Amino acid sequence: MTFVSITRLRIRSARFLPAFLIDTWLSMRQVKRAAGYRGGALLADRDRAYWTMTAWDDAAAMRAYMTSGPHRRAMPKLMRWCDQASIAHWTQADDTLPDWHEADRRMRAAGRVSKVHHAAAGHDPMTFDAPRIAGSVTLRPQQNRSLPNQTARPE
């Protein structure tokens, strides 16, 4: 089984974008190395909305990533930066990531809104526009790059 997580965040002001994009880049680096991460994608939608899609061995692997490192440091900022935020999770039999239309459908059908300090129209209930799917970026897990064993040379 594969655990899939989808998030959608809309940044409420362009003034928060530089810090958000830095935290996103750091979180992208972190997720590629995370134990149990199978793959994912990012989507920069219109009107400062951003989607993430990640696949995991299980929910525990996703939670371990979510509650550590750069991702953990970024999460509290999102309540202030975002005016719309939502998340959806499910398990499926295979590793194939859904397309963004299916992610949107599942978000609306089974997702939940996240707490934000400055909610905008479309936050709750989730009545935002369907995602514009051009410009998706695939995030592949980073392969373990261990070096072959080297024998020490006597000096």
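Using alpha-carbon pairs under 8 Å, 6+ residues apart, how would you state the relative contact order of the chain in percent? Don't jump to the answer; show the numbers that get you there.
Numbers: 259 pairs, mean separation 52.2, N = 155.
Reported relative contact order: 34 percent.
Can you work out the accessible area per residue across segment 1-128, with the rest of the protein chains kept in place, probe 1.4 Å, in square angstrom? Don't skip to the end; give the middle numbers.
Values: 6460 Å² over 128 residues.
Spelled out: the 1.4 Å probe surface of segment 1-128, per residue, equals 50 Å².
Ignoring the sites themselves, what is the longest stretch of the chain with no trypsin sites (Lys or Arg not before Pro) in a DSSP loop and at most 14 other beta-carbon atoms within 10 Å? Please report the intermediate quantities before stating the final value.
Details: sites that count: ARG46, LYS115, ARG132, ARG145.
My reading of the result: 47-114 is the longest stretch.
THR127 to ALA19: FRET efficiency via 1/(1 + (r/R0)^6), r the Cβ-Cβ distance, R0 25 Å, to the nearest 0.05?
Details: r = 27 Å, r/R0 = 1.09.
That pair, THR127 with ALA19, gives E of 0.35.
Carbon and sulfur: what percent of segment 35-155's accessible surface (1.4 Å probe)?
Roughly 51 percent of what the probe reaches on segment 35-155 is carbon or sulfur.
Run the numbers for LYS32 and ALA119: contour at 0.36 nm per residue of separation, minus the present Cα-Cα distance, in nm.
The LYS32-ALA119 span can extend by a further 28.2 nm.
The values are calculated or read from the model by the stated rules, or taken from the named source; none is laboratory data. None of the values given here were measured: they were computed from a predicted structure. Heads up, the Cβs are rebuilt from the backbone with ideal geometry, glycines too, and the neighbour counts pull from every protein chain shown. Please note that ligands, DNA and RNA were not included when accessible areas were found on the heavy atoms of the full protein model with its side chains. Shrake-Rupley method; radii C 1.70, N 1.55, O 1.52, S 1.80 Å.
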